[in-house]
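Visitor: Just dropping this structure here.
All of the numbers you see were taken from the coordinates with simple rules; none came from a lab. Fair warning: this is a prediction, and the values are worked out from it, not measured in the lab. Neighbour counts are summed over all protein chains in view; Cβ atoms, including those assigned to glycine, are modelled from backbone coordinates with ideal geometry.
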Amino acid sequence: MTSATACFVIVSRNDIPIYDAELGSSTVRKEDAAHQHQFILHAALDVVQDVAWTTSAMFLKSVDRFNDLVVSVYVTAGHILLNPICYLLMLLHDSRNEDGMKSFFQEVHELYIKILLNPLYLPGSRITSSHFDTKVRALARKYL
Amino acid sequence: MEPDVSMETGSEIRVAVLPIGGAIPRDLLRDYVSMLARHTRVELSSISSFYVEHQKSPFAHQPWDTGALRIQFVVGGAPPSPWEDFQSNRKVLAVVGVCHCPSSPDLGLVADQFAAACKGYTSALVERCFAFCPSDAQLEDKSNKENNVILFPPSDRQAQELHMLTMVQDLAASLLMEFEKWVLRAESAGTILKTPLDSQSSLSSEEFIKAKKKRLGRAQKTIGDYCLLAGSPVDANAHYTTAIELARLTGDVFWHAGALEGSVSALLVDRMDLRDPTLEEEVKYRYYSVVQLYRRAFLQDNAQRVSTVSFELEAALKLARYLCRRELSKEVVDLLMGAADGAKSLIDASDRLILYVEIARLFGMLGYHRKAAFFSRQVAQLYLQQDNANAAVSAMQVLSITSKAYQVQSRRADSNSSVSPNGLGSGHSDVGKMHLQSIVSLFESQWNTLQMVVLREILMSSVRAGVPLAAWSAAARLLRSYYPLITPAGQSGLASSLTNSAERLPPGTRCADPALPFIRHLLLNEYGHSCSFQLEMLHSFPIHPSQVDIVKRNPGKEEWWLDSAPSGPFIYTPFSKGGPNDGNKQDLTWIVGEPVQILVELANPCGFDLTVDSIYLSVHSVNFDVFPLSDVDNLLLGAAQGLVLSDPFRCCGSGKLKNASIPNISVVPALPLLVSHVVGGDGAAILYEGEIRDIWLSLTNAGTVPIEQAHISLSGKHQDSVISIAYETLRLALPLKPGAEVTIPVTIKAWQLSLVDSDHAMSKNAPLSTGKMSKEGNGPLLLVYYAGPLEPSDPSGEKQSPVPPGRRLVVPLHVCVLQGLRFVRARLLSMEIPAHVSETLPKPLENGNSFEVTPDFSEHKNDRLIRIDPYRGSWGLRLLELELSNPTDVAFEVSVLIQLEKKDRHGLMSVDLDSADMDCHKTRIDRDYSARVLIPLEHFKLPIIDGSFFAKDAQTDNCVGKVSNTGCSERNTKAELDACINNLVSKIKVRWQSGRNSCGELNIKDAIQAALQTSVMDVLLPDPLTFGFRLRKKETMPNQTNPTGKLNGFSDEPFAQSDGCNLRPKGSILAHEMTPMEILVRNNTKEMIKMNLSITCRDVAGENCVEGDKATVLWAGVLSGIELVVPPLQEITHPFSFYFLVPGEYTLLGAAVIDDATDILRTCARTNSAVEPIFCRGSPFHVHVVGTL
């Protein structure tokens, strides 16, 4: 993993995070950092919501940043139609590996669609699948 | 950096406002300052009267008609900025002292103090000291003029404000004149302008010319600044243009940027509100250049020593503020993010603080509340890094502002803006979101990490700032909403924070935020309704709900309980009208004089102990006294003993009042209260299937009002098992006085267990006591509707509600049904037991009293199950065999009872049912054994083959004679047949008895029906011909066939026989003796039958012993080929004699071939062919031949 810091969050349409993971390799002051990362991602929602309406691109590179940390977002399809299954995959990172990030988002999106197809999963609810978590972390190691 | 900078800032004259003299009360100071500070813009036209042009004004293009001076009041003053040469608006150009005369009696002293204070402001061009509320003495004092203290004479507010306006205009005019002076001097004499950048850099290395030009450029820039301050943008622009040129030539990047910035300000003065796109483009273009230039200046110069980053950031913020509109949000966001990045380069912490404050404000203006909250929190963190109480207060306040964005606001704040609680969602919030967010509670929402952090920081800053109420509120919110996420240690910490805060608060202070997580208040009244006052309902404990149901009384109706949905225990009844009590609003009725149980459930999910001081019951809207019968101590004791269990995580975080509905409680006057109990114990009556028993129900009026109306009805399952209720007993007992008791018997017959139950029990081999019982609670319910008098007996005389309600008592009849005798199968036996030949025939059917010869069911004779009268055999008899098994653990005795109808046709004959019963012997079936019970079906034979069958079944008599019975019955519908069988079956009752007091009836209807279905015709209809043998009396010597013509001629025979051979055993025949006999042939049809009769005699081996070589019987008379014609319903005797050579058992058989058979006979014989002779065979008769006497 090249990225020292990465925090990944999936935010549902109601701006509620349904999945979050600290993916960074740095272990120092993890607790505080996690708070700060979530604060940054939470604040970035304002920007993302505006930007998402101005572009048809799904991958929004570096929509927001604070200090050295950059927020990149992958908007799932359907936000134009106010589809209830529109979600933001938000990644807070400090790397510049754009291609890796894009692949990461795409694969996580696929994973997420699989979760959505599970009839027992209520869209918008918290993702608690440990399998999903493992896969996401594996993808992070692979791409980020 | 300076806060609140904008592009207008360059044109604002900075005026320091200082309190002078004795302490000024805070309110007054605020009042004075506000009077002053409202004059931020002074029109040039308004100051012309104060303005004196001493020499030619350097501001040639001053717009006296439209222009204005802008003043920025800095209350408390400000330290001089090192950059004030660079930007003249940073200079404090005037000082205004504010003095409160009552606290400063000596105005001379005030003047001295003011002068001293002004010393600190070297750049100040004008100084004024305003003294408010002077005393008369002070007004008289002439020295004030010299002291330069301006007194505001006490007057009304308006006058004071006018006075202040005049003073400000005077101040502005003075400032303008000073500016003119300064500019004139600067133009003529030049000026040395330095910034911290220049302080240590020597100009020596540079060319002198260049340095001079640089100096000139800087002077031009500064003159431009003054022009701007003087409200003359055109002049300012001219100077700025020159300055820009010079700065560019000399490479004075920093001043170049400053001049450019000034030029934009000049451009924008008075045009800030106009949104001209071209102007906006120009401003944008120039400002991006400004930012670039500042950045270049930063790169050029030694960054460690002094930084110009703050100017770059200020420029960025100014541009952002200028552009700050929704449609330009992207650009603004970029600017602000760039500015935020610059925070790292800022050396001074307070600069960073200002930067973050400004960024937060701008994001807030843009509508980016989350961003604003984020930067506000950064500000708070910077404050918290400072170690003083003021900073902590600031931090607390800033964090309180963010609490809305993070949705952790205090309830008080919430109530102010409860309509729009969407902090997390900004602009694009759709309609459903708010709703969803209210459902997703704080605890469940996954931004809870942020929320907890923010609350913790608020708590920390409040504690540090020493604001106990805020600390309490924050701790309370944290504890209440997030306690499941807080460790017990953390909870204890919060608890101690609460305690500490509470100690500091004045007593009686109330905080809008509830602190303790989930103290659930649960009200349960005696009807089992539970209504939660604060949080959701937990459970309901029905406390004898059936005894106290209240039913609204419908006074207009006889059956007053109809049309009025009972008020409980069912919250929903399909019959309730959607009236005023819709929704989950519950209507409760409390009755005067009857205790109501209210259950308050308290749960403490916290990691620390709580003490409950008191619990109140507050009832609004009703004026009645409530006094508790039990107190809180008992309740808490119960809770401590674990009586109230609760799961703290059950309704985590749901601070919202989901189901909270305060019930409507109405109080009615005393009602009668009926209490029931079963005589002999309220336990379930254990009955075997089919058992019949009386249950004695005792009803007592436990209320204080007599019961005047009562009605019993049935409900629930197995209602048909209640055979009778003594309605009359209850009715006669009315009115039931208080305390009175009435006992009514209810007869019930235990129902059949369903097959599933019994099969299940069988397959599992379960213990008898449990496995084969019926389930509890599926017995019938008795509903007793009762009510007191229509007129309430309450003597208070106050106006009553129309009719006091009635009540309903539900008495469940606890019946536990055990499996009893099991019916295995039923079948119709076709065995033929010959009758013995005697001097009489077996009793014919139409005799009626044939029950004499009912087979004897005897338990004493083990060798035979059935004992049959040997002289009768199965003559005219069918046997229905029931196989019963006894799977229970008690013995049963079964008796069969056949009810015989009266036969009205013959009038005289009647059947006594009791005597029929008497004759039935009992069959004992021990546990785990099976037994067969035989039921003789002889009694159902019809005497003749038509007519009466239809008469019995209530059919029309028309078809009698015309249509054959069988043909008719075949044409009859199946229903008719079923009715016929039912008629038959209903006469058979299988009663059982077990022990002394259990008796009942076996329900075998279906089984018998099934068994009879196929052969009902055989059972019901007689054969067309009946054959009978009897011994002929010796004295009569009939030698010819003799039609008697008597229908019931046989009945006379026994009496005729009395003088005969009574010494011999009845019907015994001696060998070697001529025995006269006769055969009787009876025609059961209504038509003449012509036939060919023959008689045979067989021995025990079945050999014909009349004919053949080894004939052992000699005979006299004709035995075969006897041509007979039997008239309808008549009988014919044919005499003959036998001479038995060998003693033994013989069988006599009569048979006939019917000639010219009618359709009826053919149908009886089940043949279709018209040619085929019809053969009729009679029942065999036994002859017992003895050797000697």
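Visitor: Once the piece of chain linking B:Ala389 and B:Ser496 is laid out straight, how much longer is it, given 0.36 nm per residue of separation minus the C-alpha distance between them?
Guide: 36.4 nm
Visitor: When the C-alpha atoms of the range B:215-283 are aligned to their principal axes, what extent does each axis show, in angstrom, from largest down?
Guide: 36, 25, 14
Visitor: Between B:Glu893 and B:Thr743, how high is the FRET efficiency from 1/(1 + (r/R0)^6) when r is the Cβ-Cβ distance and R₀ = 35 Å? Nearest 0.05. Show your work: numbers first, answer last.
Guide: Numbers: r = 31 Å, r/R0 = 0.88.
That pair, B:Glu893 with B:Thr743, gives E of 0.70.
Visitor: Then there is this: State, to one decimal in nm, how far the label point of B:Ile209 lies from the label point of B:Arg326, with both points 7 Å from Cα in the Cβ direction.
Guide: My value for the distance between the label points is 5.8 nm.
Visitor: May I ask you to sort B:Leu93, B:Leu730 by Cβ crowding, counting other Cβ atoms within 10 Å and putting the fewest first? Don't skip to the answer; put the middle values down first.
Guide: On the way: B:Leu93 26, B:Leu730 21.
Neighbour counts put them in this order, fewest first: B:Leu730, B:Leu93.
Visitor: Let me ask another. What's the exposure ranking of B:Ile1174, A:Ile113, going from fewest to most Cβ atoms within 10 Å?
Guide: Starting with the residue having the fewest Cβ neighbours, the order is A:Ile113, B:Ile1174.
Visitor: Just to be sure I understand the model, the point goes 7 Å from the Cα along the line to the Cβ. What's the resulting B:Ser698 to B:Lys284 distance in nm?
Guide: Result: 9.7 nm between the two label points.
Visitor: A further question follows. In the range B:50-72, which residues have a backbone nitrogen under 12 Å from the label point lying 7 Å from B:Ser123's Cα in the Cα-to-Cβ direction?
Guide: none
Visitor: Running a GNM on chain A with Cα contacts under 10 Å, which residue among A:Tyr121, A:Tyr74, A:Tyr112 ends up with the highest mean-square fluctuation?
Guide: Result for chain A, Cα springs under 10 Å: A:Tyr121 fluctuates most.
Visitor: Sorting B:Asp112, B:Asp85 on the 10 Å Cβ count, fewest up front, what's the list?
Guide: The most exposed by this proxy come first: B:Asp112, B:Asp85.
Visitor: Can you tell me how much longer the chain between B:Glu1001 and B:Thr509 gets when fully stretched, taken as 0.36 nm per residue apart minus their C-alpha distance, in nm with one decimal?
Guide: 169.3 nm
Visitor: Further, regarding this structure: May I ask you to derive the FRET efficiency for B:Ser930 and A:Ile113 from their Cβ-Cβ distance with R0 = 41 Å, giving the value to the nearest 0.05?
Guide: Here the calculated transfer efficiency is 0.05.
Visitor: For B:Gly77, what residues show an amide H to amide H distance below 5 Å, using hydrogens built from the backbone and excluding near sequence neighbours?
Guide: Under 5 Å from the amide H of B:Gly77 lie the amide H atoms of B:Val17, each far enough along the sequence or on another chain.
Visitor: Test of the criteria: in the range B:1-71, which GluC sites (Glu not before Pro) are in a DSSP loop and have at most 10 other Cβ atoms within 10 angstrom of their Cβ?
Guide: In loop regions of the range B:1-71 (DSSP not H, G, I, E or B), the sparsely surrounded GluC sites (Glu not before Pro) are B:Glu53.
Visitor: Taking R0 as 56 Å, what's the FRET efficiency between B:Gln719 and A:Thr128 from their Cβ-Cβ distance, rounded to 0.05?
Guide: The pair B:Gln719/A:Thr128 has a calculated efficiency of 0.65.
Visitor: A follow-up question, please. Could you compute the net charge surrounding B:Glu312? Neighbours are other residues with a C-beta less than 10 Å from the C-beta of B:Glu312; K and R count +1, D and E count -1.
Guide: That sum, taken over residues with Cβ under 10 Å, equals +1.
Visitor: Moving on to the next point. What is the set of long-range amide H partners of B:His814 at a cut-off below 5 Å, with H atoms built 1.01 Å from backbone N?
Guide: B:Ala685
Visitor: Note the full-extension length gain between B:Arg271 and B:Ala1111 as 0.36 nm times their separation in residues minus their Cα-Cα distance, in nm to one decimal. Intermediate values should be presented prior to the final figure.
Guide: On the way: separation 840, 0.36 × 840 = 302.40 nm, distance 15.30 nm.
Fully extending the segment from B:Arg271 to B:Ala1111 adds 287.1 nm.
Visitor: Name the residues of the range B:97-126 whose amide N is less than 18 Å from a point 7 angstrom out from the Cα of B:Lys142 along the C-beta direction?
Guide: Hits in the range B:97-126 for B:Lys142 at 18 Å: B:107-108.
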